[in-house]
Amino acid sequence: MSTRALEILQNTFGYQAFRDQQATIVNHVSTGGDALVLMPTGGGKSLCYQIPSILRDGLAIIVSPLIALMQNQVEALQQLGINAAYLNSSLSIEDTQTITRQALRGELKILYVAPERLMASSFLQLLDQVNNNVGLALFAIDEAHCVSQWGHDFRPEYRQLTILHERFPDIPRIALTATADAATRAEIIHQLKLENAAQFVSSFDRPNIRYHVTQKNNARQQLLHFIETQHPNDAGIIYCLSRKKVEETAEWLASKGWPALPYHAGLDAKIREKNQRQFLREEAVIMVATIAFGMGIDKPNVRFVAHLDLPKSMESYYQETGRAGRDGFAANAWMTYGLGDVVSMRQMLDSGDASDERKRLEKHKLDALLGFCESTSCRHQAILHYFGEEHPGDCEQCDNCLTPADTWDATQAARMALSCVYRTGQRFGAGHLIDVLLGKRTAQIERFQHEQLSTYGIGKNLNQSQWSSVYRQLAASGYLDVDFQAYGGLKLTEMAKPVLKGELEVWQRRDAEPEKRSSTAERASRAREAYPGANDDPLWLALKAKRMELAKSQGVPPYLIFHDSTLLEIMNQRPSSLTELGRISGVGQAKLARYGDDFLEVLEQN
Ligand code: ADP
């Protein structure tokens with residue numbers, strides 16, 4: 001490892017040591033090698049190209065898909081005293097010309113560009129000139145999974161990025177992604193022609209994220225309970241499937257006094273930008289969003305991600321929940337789900353106009369996710385297993401490990417439930433089927449004379465919510481399918497036959513009792529988990545206030561001044577001089593010079 005790389009890490013970035021594979025990657029790229037870096041969100045990918053960019057002569061070009069992402073990264077680098085800039089459609093002609101001049105004169109070290117800009121012949125000519133004048137240090141392709149047309153971040157321009165290699169074969173390339181699935185990896189290698197690049201694959205475990213899947217009974221109240229008890233002072237993201245639900249949920253939370261904002265692709269661009277800014281720049285905003293919100297949100301202290309609707313697949317679940325806890329502190333991934341979600345997701349898949357093959361693939365992916373939801377084993381292990389990685393289990397960081405779920409022999413109940421589906425003609429939803437099993441007298445039962453059926457009233461040993469759980473699990477495990485033509489009625493699959501014939505046992509998880517509202521004391525103690533002891537310490541509040549003041553005066557998010565982790569260390573160590581402050585992780589030379597005195601003053605006064 002070159003000592004210069006370590007010097008840059010310590011002096012410029014203010015970090016003591018490289019993490020995991022960072023040192024090897026920095027070394028490999030600095031010495032001219034191509035690399036494919038697969039590292040989870042929060043793993044520390046940026047340093048892997050930023051330090052080689054500084055170490056190597058010439059200008060480094062970073063391809064990045066989103067304007068917000070570029071701005072953030074550039075602001076962060078400028079805070080560290082590194083000459084960085086970006087070129088994208090948001091800039092004026094004058095600004096573009098200034099940056100171009102700086103690039104040609106060797107006054108810039110790192111330049112972020114949008115992929116479509118890179119393809120423009122004028123930009124390729126600029127690269128030629130830069131290459132002749134000051135040289136090109138490297139090409140970094142961030143969010144490389146955007147080449148994959150199966151993912152929802154697909155950017156067609158990414159597929160043309162091989163032009164860089166063809167035009168500048170001697171300049172090293174490093175592609176980076178946090179996407180864990182093997183198919184996308186293979187596609188990145190193929191599309192970007194990275195067959196000869198060294199691959200650096202990190203563990204995709206996110207040990208600081210606590211996974212929790214809860215059965216839906218009153219989703220809004222459950223959500224409110226979760227936020228009140230666990231995250232009363234935190235920033236978080238709540239994912240919903242539809243734009244309408246996003247707006248309704250945000251409004252409802254706001255009416256309850258929570259700082260919630262909506263975000264979806266149908267909102268006016270200005271409002272979207274404003275809400276995103278507020279989420280990034282203020283401390284504890286809750287964003288209620290569709291999946292349109294996510295990529296490029298590198299706010300490190302998102303403390304929770306909640307799902308009010310099912311994601312499409314394990315890949316989506318991992319990616320969406322992964323936006324929590326980038327700073328490595330405790331974070332929650334919470335999801336509430338019920339039979340209605342299974343039905344609506346299956347219906348959505350069926351009704352789309354994708355090819356049959358695509359639909360089959362998506363159905364498999366959804367089934368894997370449903371299996372995960374119903375599973376009673378360690379969730380960290382299940383997620384990693386899905387991505388082909390081992391995990392010993394017993395994570396102590398998921399609902400199943402913390403409060404092991406009971407299973408019960410549901411063979412008899414499953415037979416009754418499936419038989420009721422069959423006898424009623426395979427076209428009713430679970431609500432009606434349960435009414436029949438419980439022997440209720442409803443208008444619908446009378447209309448179809450379902451009181452005459454042999455399954456009428458045979459299920460009185462279980463209650464409404466237990467039957468609902470049985471049906472949800474039968475649907476999630478593939479014994480029942482949703483009949484798209486029959487308005488979402490449930491129908492039997494081949495798998496149901498051996499159960500009906502008594503040839504197959506069915507074991508199901510016993511759903512937990514609905515959560516009770518917890519006391520205020522419990523609420524406060526859980527809320528402090530991420531920042532033990534900090535939330536009501538006056539010094540913590542004073543340090544945060546100073547950070548906010550400095551951030552506002554420059555129009556940047558507070559975490560660009562110092563991360564929460566740095567601020568916490570300042571609070572706990574109470575440095576009394578600039579030298580001592582400079583030893584704290586996250587305080588590099590530029591930040592020490594700019595903000596050192598301000599924070600020492602806060603420490604003196606508190
Ligand atoms: P990614 O892009 O992989 O999601 P980032 O590059 O944003 O991750 O890094 C995640 C966080 O970890 C950032 O706050 C970053 O400053 C911090 N970080 C990265 N490398 C180190 C390191 N070697 N020591 C301490 N903190 C680090």
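The values are calculated or read from the model by the stated rules, or taken from the named source; none is laboratory data. Model, not experiment: these values are computed from the prediction. Positions of Cβ are backbone-derived with ideal geometry, glycine not excepted, and every protein chain shown enters the neighbour counts. Heavy atoms of the whole protein, side chains included, go into the accessibility calculation; ligands, DNA and RNA do not. Shrake-Rupley method; radii C 1.70, N 1.55, O 1.52, S 1.80 Å.
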Examine segment 458-469 for a residue that is assigned by TED's automatic domain parsing to the domain that holds ASP483, assigned to a helix (DSSP H, G or I) and of a type in the set (A, V, I, L, M, F, W, C), and state whether such a residue exists. yes
Quick check on my filter: what residues within segment 370-406 are closer than 12 Å to ARG509 by Cα and either of a type in the set (A, V, I, L, M) or open to solvent by 30 Å² or more (accessible area, probe 1.4 Å) (or both)? GLY371, THR376, SER377, PRO404, ALA405, ASP406
Subset of segment 499-529, residues at pLDDT 60 or above and open to solvent by less than 40 Å² (accessible area, probe 1.4 Å), comes to VAL499, VAL506, GLN508, ARG509
Matching residues in segment 14-38 - criterion: being near the ligand (Cβ under 7 Å from one of its atoms) and either in a helix (DSSP H, G or I) or open to solvent by less than 10 Å² (accessible area, probe 1.4 Å) (or both): GLN22
Among (1) farther than 23 Å from GLN347 by Cα; (2) surrounded by 17 or more Cβ atoms within 10 Å (Cβ to Cβ) - the single one PHE428 does not satisfy: (1)
Helices (runs of 4 or more DSSP H) contained entirely in segment 73-139, each with at least 3 residues that are assigned by TED's automatic domain parsing to the domain that holds LEU9, touching a Gly at 6+ places or on another chain (Cβ under 9 Å) and exposed (fewer than 14 other Cβ atoms within 10 Å of the Cβ): none
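Let's see how each residue does on (1) in contact with a Phe, Trp or Tyr (Cβ under 8 Å, 6 or more places away or on another chain); (2) more than 10 Å from the ligand (Cβ to nearest atom); (3) closer than 22 Å to GLY106 by Cβ; (4) hydrophobic (A, V, I, L, M, F, W, C):
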position: GLY44; (1), (2), (3), (4): no, no, no, no
position: LEU47; (1), (2), (3), (4): yes, no, no, yes
position: PRO52; (1), (2), (3), (4): no, yes, yes, no
position: ILE61; (1), (2), (3), (4): yes, yes, yes, yes
position: GLN71; (1), (2), (3), (4): yes, yes, no, no
position: GLN78; (1), (2), (3), (4): no, yes, yes, no
position: GLY81; (1), (2), (3), (4): no, yes, yes, no
Scan segment 555-566 and report the pairs whose first residue is over 12 Å from LYS544 (Cβ atoms) and in a helix (DSSP H, G or I) and whose second residue is modelled with pLDDT of 85 or more and more than 10 Å from the ligand (Cβ to nearest atom), with Cβ atoms within less than 6 Å and a gap of 6+ or a chain change. LEU560/GLU75; LEU560/GLN79
